[in-house]
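Student: This is the structure, below, for whatever I ask next.
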Amino acid sequence: MTYIGGPTALVEYAGLRVLLDPTFDEPRHYPRAGLRKTAGPGLPASAIEPVDVVLVSHHGHADNLDDAGRELALRAPLVLSTPEAQAALGGPVVGMRPWQTHALGEVTVTALPGRHGPRPLRPLVGPVTSFLLSAPGEPTVYVSGDNSSLALVRAAAKRVGPVGVAFLFAGAARVAPVPVALTLTAARAVQAARILGARRVVGLHVEDWAHFSESRADLEKAFTDAGLAELLVPTPRGERTAIPL
């Protein structure tokens, strides 16, 4: 995998180039959403194209799909996301409901249920999806997206079993006037890793945006305190990194 920044990573899996939640804008403010990006991408979009499929946990928030990220996604041959994203973006976007699958050669992408913060906030923050990648002879890959619900992580684990690699979006995102974390806290990311039986964890969504209330250092400390530091995969910015299994 290659860590780009924020929630964005390029995953090379079973012969496919899979891009997660593309964010490629330079630092800027997004007035409508009240969000501020504090760092640019580790690589420009041109350096990671072409990609085979883009997985977008949700389309409505710039910290998961910014302007340059949207342009890249709509150039890709396929984008998998929510039905709401398909309706809003069109083009190559295919909306998937929970437990729906999409085959890409030998790779199966399964949409998993997600919740972006507490249930009562759904009308405010909108829907979100998680994903599972599977292929014959390959480790399964779980992508949390902005899901913050451990109950939904447990539901997924019961159906898919232990996973090889979990890409966990943490950072405890907080947006005024909502006082609660809309993504996994570092402590809950540790719990999610345990629930999933993950052999390796890649921490995403922990830097580059001002509303992320916890950092990569917080995530690393939580895993260290839990005796699980060896699960975390290093994420040098813009560098291709092997995930040992």
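The values are calculated or read from the model by the stated rules, or taken from the named source; none is laboratory data. Quick caveat: nothing in here was measured; it's all calculated off a predicted structure. All Cβ positions, glycine included, derive from the backbone under ideal geometry; neighbour counts span all protein chains shown. Accessible surface is based on the protein model in full, side chains and every heavy atom, while ligands, DNA and RNA are left aside. Shrake-Rupley method; radii C 1.70, N 1.55, O 1.52, S 1.80 Å.
Student: Once both labels are modelled 7 Å past Cα along the beta-carbon direction, what's the residue 155-residue 97 spacing in nm?
Tutor: According to this spin-label approximation, the distance is 1.3 nm.
Student: Under 5 Å between amide hydrogens, which residues at least 5 positions from residue 53 or on another chain qualify, with H placed 1.01 Å from N in the peptide plane?
Tutor: Hits under the 5 Å cutoff: 17, 19.
Student: Separate question: Tell me the carbon and sulfur percent of the accessible area for the chain, rounded to whole percent, probe radius 1.4 Å.
Tutor: Details: 5390 of 10060 Å².
The nonpolar share, carbon plus sulfur, comes to 54 percent.
Student: Could you state the principal axis extents of the C-alpha atoms in the chain, from the largest down, to the nearest angstrom?
Tutor: Cα spread of the chain along its principal axes, largest to smallest: 42, 40, 36 Å.
Student: Residue by residue through segment 31-41, which ³J(HN,Hα) values in whole Hz follow from phi under the Karplus form 6.51 cos²θ - 1.76 cosθ + 1.60 (θ = phi - 60°), with glycine and proline marked x?
Tutor: Calculated HN-Hα couplings, in order: x, 4, 8, x, 10, 9, 8, 10, 8, x, x Hz.
Student: Another one. What is the distance, in nm, between label points placed 7 Å from the Cα along the Cα-to-Cβ direction at residue 176 and at residue 12?
Tutor: About 4.4 nm separates the two model spin labels.
Student: Label points 7 Å out from Cα along the Cβ direction at residue 39 and residue 217: separation in nm?
Tutor: 1.2
Student: In segment 184-245, which GluC sites (Glu not before Pro) fall in coil by DSSP and have 15 or fewer other Cβ atoms within 10 Å?
Tutor: Passing both the DSSP loop test and the Cβ count: 239.
Student: Related question: Please list 3J(HN,Hα) in residue order for segment 7-21, calculated via the Karplus relation 6.51 cos²θ - 1.76 cosθ + 1.60 where θ = phi - 60°; whole Hz, with x for glycine and proline.
Tutor: So the Karplus estimates, Gly and Pro as x, are x, 9, 8, 9, 10, 9, 9, 6, x, 9, 9, 10, 9, 9, 5 Hz.
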